[in-house]
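**Q** Provided herewith is a single structure, encoded as structure tokens, for subsequent inquiry.
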Amino acid sequence: MSASPLRDTRFMQIGIIGLGRMGANIARRLTRGGHQCVVWDRKPEAVESLAKEGMTGASSPEDMAGALASPRVFWIMLPAGDPTEAMVQQIAAFAQPGDVIIDGGNTFYKDDIRRAKELGEKQIQYVDVGTSGGVWGLERGYCMMIGGETETVRNLDPIFDCLAPGLGTIERTRARHAEDDRAERGYIHAGAAGSGHFVKMVHNGIEYGLMQAYAEGFDVLKTKNSPLLPDDERYELNLTDIAEVWRRGSVISSWLLDLTAEALAGDHDLSKFSGKVADSGEGRWTIHAAMEEAVPVYVLSAALYARYRSREENSYADKLLSAMRFGFGGHVEIPQ
């Protein structure tokens, strides 16, 4: 299979706004790949830390704009909702025609559609990037689902190519024939504005279901020593070993199972987790989209409701859900 005609090794300059768990590592991965990053965060210490790693620190988004060559590219990596909306509007106030605003968070896709129209009237380009990879993205790379105008996304390809995992060691899909190999390298241009975040939204809804299946299954295993059962039907099962053996050749092996095995190896009883499982919004949005489309999503709905229930009473399954969320994304539990 030939390489994608979009593959480009040009080095680019980009501003990264929001230097939390993922934003900082995105800046690091781009810098390691030869790109020039100008960084800003409301916490000066976060900016100072990355400046010591060779990046250019900015004192404000406006200061960042002055440090970037036109057309300027701003990548926002902030919590979805008001923080991201406010930053988009702040940048739009001083951005020039041809500049690009990228939202790499977990924004609701209908907000992307609105923003693209509003910014388009000022000839400012808007790109939404559903970004998956969590705290491991620096080393593993980020899976990206991108929405926006074709030419704009094409021009940004060096950035996406650098952030993506690449072909790696994953076996290539048999019978797949495509001139564009971006999907195999870990990123796609999904379509028009909003489509990237829509695909990522459904991705996270599926994630809820997968995690819930693992959590419930391990809860059944753990409870097999219940006093409700006859003596000869009780087993004291080693969940750490079960998670480990399932990782090796099992049809249900996955990265989530890898994280489960790691969590259990460190603490079989998951004592540091309360089991109060948070949800960041994408699961709810996926259910809403399914209802708009009249698509039945039994598993995804049940997984979302299970998270709501976890905040009222906690089980071992809930603790395992929390352990997996912490493992892949550093997500903390809901305060008690």
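**Q** Once amide H atoms are placed 1.01 Å from N in the peptide plane, what residues at a sequence separation of 5 or more from Val73, or on another chain, have their amide H within under 5 Å of its amide H?
**A** Gly15, Val100
**Q** Can I ask one more? Taking the Cα centre of the range 22-83 as the origin and placing charges on Cβ (Lys, Arg +1; Asp, Glu -1), which of Met77, Ala27, Gly57 is farthest toward the positive end of the dipole?
**A** My answer, from the dipole projection, is Ala27.
**Q** Comparing Lys110, Lys272, Lys200, which has the greatest mean-square fluctuation in the GNM of the chain with Cα pairs linked when under 10 Å apart?
**A** Lys272
**Q** Can you find, among Ala213, Val332, Ser226, the residue sitting farthest towards the positive end of the charge dipole of the range 210-336, where Lys and Arg contribute +1 and Asp and Glu -1 at Cβ?
**A** Final value for the positive-end residue is Val332.
**Q** A further question on this structure: Could you check what % of the DSSP bridge pairs in the chain are antiparallel, to the nearest 5?
**A** Details: 5 of 27 bridges.
In the chain, approximately 20 percent of DSSP beta bridges are antiparallel ones.
**Q** So how many Å³ per residue does the convex hull of the Cα atoms of the chain work out to? Spell out each step's value before the answer.
**A** Values: hull volume 54.6 nm³, N = 336.
Per-residue hull volume (Cα only) is 162 Å³.
**Q** Compute the label zone of His288 within the range 294-335: residues whose backbone N is under 20 Å from the point 7 Å along Cα-to-Cβ.
**A** 294-309
**Q** Can you give the relative contact order of the chain as a percent, counting alpha carbon pairs under 8 Å and 6+ residues apart? Intermediate results must be reported in sequence, preceding the final value.
**A** Numbers: 582 pairs, mean separation 49.8, N = 336.
So the answer I get is 15 percent.
**Q** Would you please state which residues of the range 56-97 a label at Phe11 would reach in this model, taking the label point 7 Å out along Cα→Cβ and a backbone N cut-off of under 14 Å?
**A** The answer is 56.
**Q** Here's something else I'd like to know. Relative contact order of the range 98-217: what whole-number percent is it, with Cα pairs under 8 angstrom and at least 6 residues apart? Walk me through the intermediate numbers first.
**A** Numbers: 186 pairs, mean separation 37.1, N = 120.
Once normalised by length, the contact order is 31 percent.
**Q** While we're on this one: For the range 269-336, restrict the atom set to alpha-carbon positions and state the Rg and Dmax in Å.
**A** For the range 269-336, the Cα radius of gyration and maximum Cα-Cα distance read 13.0, 41 Å.
**Q** Mind putting a number on the dipole of the range 263-316 about its Cα centre? Charges go on the C-beta only, +1 for Lys and Arg and -1 for Asp and Glu, and I need it in Debye to the nearest 20.
**A** My answer is approximately 140 debye.
**Q** Additional query: Classify the range 71-199 from the C-alpha gyration tensor, please: rounded if a/c falls under 1.5, else prolate or oblate depending on whether a/b exceeds b/c. Could the numbers behind the result be given before it?
**A** On the way: a/c = 2.09, a/b = 1.72, b/c = 1.21.
Judged from the Cα gyration tensor, the range 71-199 comes out prolate (a/c at least 1.5, a/b above b/c).
**Q** Could you state the accessible area per residue of the range 1-121 in Å², with a 1.4 Å probe and every protein chain left in place?
**A** Values: 5640 Å² over 121 residues.
Per-residue accessible area for the range 1-121 comes out at 47 Å².
**Q** Let me ask something else about it. Considering the range 124-188, what Rg and Dmax in Å follow from its alpha-carbon atoms?
**A** 12.5, 41
**Q** Then there's this: Using a Gaussian network model of the chain with C-alpha springs under 10 Å, which one of Leu229, Leu221, Leu270 is most mobile by mean-square fluctuation?
**A** Leu229
**Q** Give me the distance in nm between label points sitting 7 Å out from Cα along the Cα-to-Cβ direction at Leu237 and Lys224, one decimal.
**A** Placing both labels 7 Å beyond Cα along the Cβ direction yields 0.4 nm.
**Q** Separate question: Work out which helices of the chain, taken as complete DSSP H runs, extend at least 30 Å along their axis over the Cα atoms and score a mean Kyte-Doolittle of -0.5 or more, then list them. Don't jump to the answer; show the numbers that get you there.
**A** Details: long enough: 195-222 (40 Å, 0.04).
Taking the DSSP H segments of the chain (at least 30 Å long, mean hydropathy at least -0.5), we get 195-222.
**Q** Give me the three principal axis extents of the range 150-271 from the C-alpha atoms, as integers in angstrom, largest value leading.
**A** 67, 29, 29
**Q** Would you work out which of Val199, Tyr316, Ala278 lies farthest towards the positive end of the dipole of the chain? Charges go on Cβ: Lys and Arg +1, Asp and Glu -1.
**A** Val199
**Q** Percent relative contact order of the range 196-336, based on C-alpha pairs within less than 8 angstrom and at least six residues apart?
**A** Numbers: 157 pairs, mean separation 47.2, N = 141.
It rounds to 33 percent for the range 196-336.
**Q** I want to verify the translational diffusion coefficient of the range 200-336 in µm²/s; compute it with Stokes-Einstein, Rh as the Kirkwood radius over Cα pairs, at 20 °C and 1.002 mPa s. Kindly include the intermediate steps, with their values, before the conclusion.
**A** Values: Rh = 15.7 Å.
After rounding, the answer is 137 µm²/s.
**Q** For the range 49-100, with only Lys/Arg (+1) and Asp/Glu (-1) charged at the beta-carbon, what is the dipole magnitude about the Cα centre, in debye rounded to 20? Kindly include the intermediate steps, with their values, before the conclusion.
**A** Values: 2 positive and 6 negative charges, 32 e Å.
Result for the range 49-100 is approximately 160 debye, rounded to the nearest 20.
**Q** Glu262 versus Ala192, label points 7 Å from Cα toward the beta carbon: distance in nm?
**A** 4.0
**Q** May I pose another question? Between Glu171 and Trp255, what is the label-to-label distance in nm when each label sits 7 Å out along the Cα-to-Cβ direction?
**A** A separation of 2.0 nm, rounded to one decimal place.
**Q** Please state the charge dipole magnitude for the chain, taken about the Cα centre, from unit charges on C-beta atoms (+1 on K and R, -1 on D and E), reported in debye and rounded to the nearest 20.
**A** On the way: 36 positive and 47 negative charges, 101 e Å.
So the dipole magnitude of the chain works out to roughly 480 debye.
**Q** Let me ask something else. Can you say what percent of the DSSP beta bridges in the range 1-150, counting only those with both residues inside, are antiparallel? Round to 5.
**A** Values: 5 of 23 bridges.
Bridges in the range 1-150 are about 20 percent antiparallel.
The values are calculated or read from the model by the stated rules, or taken from the named source; none is laboratory data. What you see is a predicted model, and the numbers here were worked out from it, not measured in a lab. FYI the Cβ positions are ideal-geometry reconstructions off the backbone, even for glycines, and counts take in every protein chain you see. Each accessible area value is taken on the protein alone, full model and side chains, heavy atoms only, with ligands, DNA and RNA left out. Shrake-Rupley method; radii C 1.70, N 1.55, O 1.52, S 1.80 Å.
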